[in-house]
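Nothing in this text is a laboratory measurement; each read-out follows from the coordinates by a stated rule. Note that the structure is a prediction, hence the values are computed from the model and not measured. A quick note on method: Cβ atoms are made from the backbone with ideal geometry, for glycine too, and the neighbour counts reach across all protein chains shown.
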Amino acid sequence: MNHQITLQINLSPGDINYAQLTVPALVASHADIPHRLLVVDCCKPQKTKIVDPDIKFPEPLFKERVRQIKSIANNLLKEGVATEVYFLEPGDPLIAHISKKYFRNIVKETHEYGGIGISSYLAGLELTKTRFMLHFDGDMLFHQSNGFKWYEHALRILEANPDCISATPGIAPLNGMAIQKPSLDHWSAFTKVAGGYKDTFFSARQFLIDKQRLARYLPLLKGPALWETLLVKYLNRGYPRAVENIFFKRFRSAGAYRFMLESENCWVLHPLQKPEPYLAILPAIIEKVYKGDIPKAQLGHENIQLEAWQSFLKEEN
């Protein structure tokens, strides 16, 4: 079954300070998946009401960061961490193909209004040659118990539930903490079921998706997703929408959902910010996350609790 899965990880110039740490860790936790694809977004976000690329991504700094992330990705390929690397460059014909296939040529921009990639996520789907794609953002941290393979459980859930569009690990570590929702930070509507939760939201941070099933929902701009996109484009307010928002609106209106596994044996953490103090202790955090050894104040939270980690690691030393 693992030969039907591609582990796909997104990188961008913003990941240069940690990609050489996080990507090998993600791959090591999925070592028996032979197809490992890195999609590297080399496109500069376009100008929106809240993003001025000339200020946020000035030259020649942006080009230098593109050069650095390309070098990191090529090294990961050379070392065998990745088996394939794709650099998504400005003007790549794949961008126009994605716009037509997924967005009916309505959304042609490469990034959402806040500067986060759109085309790079969908490029992963287009470049994946296997039926299933297991995606992680390049900054994610992941834990699973020894001998546990979360994606095997996720595949069984997808097979048994035709309306399930994707599956994810637990979205926060709980380690026995008894709460009545997937995480203390969770906000979208969900239903508790055996083995996890049915959730109405689609997060682009991490997911396992069946490409054959996804094809039933294309193009993505139908129903509420279409009307909202047309409205915000006309008003120039919050356009383009984030890719996960478009997925969310499309799937929810069609009665589809994502399945989040319980956090007992597998979970993820996300660094909302990556300041120097975080980068300084990231190797130690990765090691602890792999072992499932985390500060008590981190339990139940999806995003890294930096002060808790600093105290936790200091006490151990």
Would you calculate, for the chain, the mean residue ellipticity at 222 nm contributed by helices, counting each DSSP H stretch of 4 or more residues as -39,500 (n - 2.57) and dividing by all residues, to the nearest 500?
-11000 deg cm²/dmol
From Cα coordinates alone, what are the radius of gyration and Dmax values for segment 1-134 in angstrom?
15.2, 47
Given the pairs K100/K211; K49/K274; K49/K101; K149/K291; K129/K149; K101/K249, which span a C-alpha to C-alpha distance of over 19 angstrom in this model?
K49/K274; K49/K101; K129/K149
Percentage relative contact order, segment 16-111, counting C-alpha pairs under 8 Å, at least six apart:
39 percent
What order do you get for 3-11, 219-227 when each peptide is scored by the mean count of other beta carbon atoms within 10 Å, highest first?
3-11, 219-227
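What FRET efficiency, computed as 1/(1 + (r/R0)^6) with R0 = 30 Å and r the Cβ-Cβ distance, is obtained for A194 and S253, rounded to the nearest 0.05?
0.70
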For the chain, what size does the Cα cloud have along each of its three principal axes, sorted from largest down, in whole Å?
53, 47, 37
Identify the residues of segment 151-172 with backbone N under 14 Å of a label point that sits 7 angstrom from the Cα of Q4 along the Cα-to-Cβ direction, or state none.
151-162
How far apart, in nanometres, would the label points at E315 and E287 be if each is projected 7 angstrom from Cα along the Cα-to-Cβ direction?
1.8 nm
Mind grabbing the base-10 log of I(q)/I(0) for segment 180-224 at q = 0.14, 0.22, 0.26 Å⁻¹? Debye formula, identical points on the C-alpha positions, no solvent, two decimal places.
-0.48, -0.99, -1.11
With label points set 7 Å from each Cα along the Cα-to-Cβ direction at K56 and L184, the distance between them in nm comes to 3.0 nm
Just P34, P162, P13 to compare: in a GNM of the chain, with alpha carbon springs under 10 Å, which one fluctuates most?
P162
Inter-centroid distance (Cα atoms) of segment 222-236 relative to segment 128-186, Å:
30 Å
Find the relative contact order for the chain and round it to a whole percent, using C-alpha pairs within less than 8 Å whose residues are 6+ positions apart.
22 percent
